[in-house]
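Data first, discussion second: the structure below is written as structure tokens.
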Ligand SMILES: [Zn+2]
């Protein structure tokens with residue numbers, strides 16, 4: 001099982017080596033901005049590296065929204081990130097499930113996700129597999145509660161779409177971690193990546209504050225059990241830089257392979 005971390009995009013391979021990570025995830029552009037990614041000088045090195053690469057899409061992407069002025073640029077940004085992620089050999093492009101506003105018709109939001117894949121298909125499809133990640137907050141978020149996730153998958157499941165399970169988001173979003181892998185797989189049929197994070201906040205708090213694995217509100221052994229059951233590559237998105245994440249990686253590697 002490959003274990004790694006979300007790192008600064010400056011030199012992801014050096015960051016991986018410093019943490020003894022076998023996987024790295026990073027942003028290709030400002031996560032809070034709308035700029036398309038720029039070509040990277042280290043694209044060849046990343047593409048041929050032993051380290052497995054994942055790219056996280058900007059947080060501003062919301063392809064579900066009924067607001068045209070966000071939805072249309074979101075589709076384009078997601079497509080441009082999928083193209084750029086392929087140049088660095090990324091195994092997946094992680095994107096949050098998105099949401100509609102209060103009072104909006106949720107069915108429209110689900111259909112907007114379908115249209116996103118249809119839009120991409122017109123230009124040959126996404127160049128990198130899209131992995132939709134469960135989120136911690138938002139009453140109208142698709143990928144917080146699994147009943148909504150099931151409705152989303154009814155609409156987009158026929159496209160080749162993957163899933164990224166975030167343990168902090170599941171806990172804070174109100175989905176128990178016990179048997180979470182089985183419940184997700186019953187809906188999506190797959191888990192492509194695990195974001196292994198502890199949570200500073202209580203179950204179902206709706207807050208999204210990651211903590212290091214051995215501390216926080218989730219029993220660390222429960223995190224280990226989820227990682228083991230998922231059987232997918234793992235990325236920690238925890239605080240503390242090289243030291244904090246290095247310890248989290250070692251923590252998982254010791255226990256998951258024991
Ligand atoms: Zn995450």
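Laid out as a table, the results:
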quantity: Given (1) modelled with pLDDT under 95; (2) within 27 Å of residue 246 (Cα to Cα); (3) surrounded by fewer than 20 Cβ atoms within 10 Å (Cβ to Cβ), index of the condition residue 204 fails; calculated: (2)
quantity: Options 150, 172, 127, 121: the member that is in contact with a helix residue (DSSP H, G or I) (Cβ under 9 Å, 6 or more places away or on another chain) and in a helix (DSSP H, G or I); calculated: 150
quantity: Number of positions in region 166-188 that are more than 18 Å from residue 206 (Cβ to Cβ) and in contact (Cβ under 8 Å) with a residue 12 or more places away in the chain; calculated: 7
quantity: Looking only at region 46-67, and only at residues there that are modelled with pLDDT of 95 or more and loosely packed, with under 15 Cβ neighbours inside 10 Å, the one that is nearest to residue 109 (Cα to Cα); calculated: 47
quantity: Top-ranked residue in region 1-40 [being assigned to a helix (DSSP H, G or I) and touching a helix residue (DSSP H, G or I) at 6+ places or on another chain (Cβ under 6 Å); ranked as farthest from the ligand (Cβ to nearest atom)]; calculated: 18
quantity: Enumeration of residues in region 209-227 that are in contact with a helix residue (DSSP H, G or I) (Cβ under 6 Å, 6 or more places away or on another chain) and either free of Cβ contacts under 8 Å to residues at least 12 places away in the same chain or crowded, with 17+ Cβ neighbours inside 10 Å (or both); calculated: 210, 212, 213, 218, 223, 224, 226, 227
quantity: Filtered residue count, region 220-238, keeping only those that are under 10 Å from residue 198 (Cβ atoms), part of a helix (DSSP H, G or I) and within 16 Å of the ligand (Cβ to nearest atom); calculated: 1
quantity: Selection within region 89-118 - at pLDDT 90 or above, under 20 Å from residue 175 (Cα atoms) and not in a strand (DSSP E or B); calculated: none
quantity: Failed item in (1) modelled with pLDDT under 95; (2) more than 16 Å from the ligand (Cβ to nearest atom); (3) in contact with a strand residue (DSSP E or B) (Cβ under 7 Å, 6 or more places away or on another chain), with residue 172 passing the rest; calculated: (2)
quantity: Leading residue by the ranking (nearest to the ligand (Cβ to nearest atom)) among those in region 60-75 that are in contact (Cβ under 8 Å) with a residue 12 or more places away in the chain and part of a helix (DSSP H, G or I); calculated: 74
quantity: Filter pass, residue 36 being farther than 20 Å from residue 241 by Cβ and at pLDDT below 95; calculated: yes
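Residues checked against (1) within 16 Å of the ligand (Cβ to nearest atom); (2) in a helix (DSSP H, G or I):
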residue	(1), (2)
204	no, no
218	yes, no
247	no, yes
253	no, yes
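The values are calculated or read from the model by the stated rules, or taken from the named source; none is laboratory data. Quick caveat, the model's predicted, so the values are computed rather than measured. Reconstructed Cβ throughout: ideal geometry from the backbone, glycine too, with neighbour counts over all protein chains shown.
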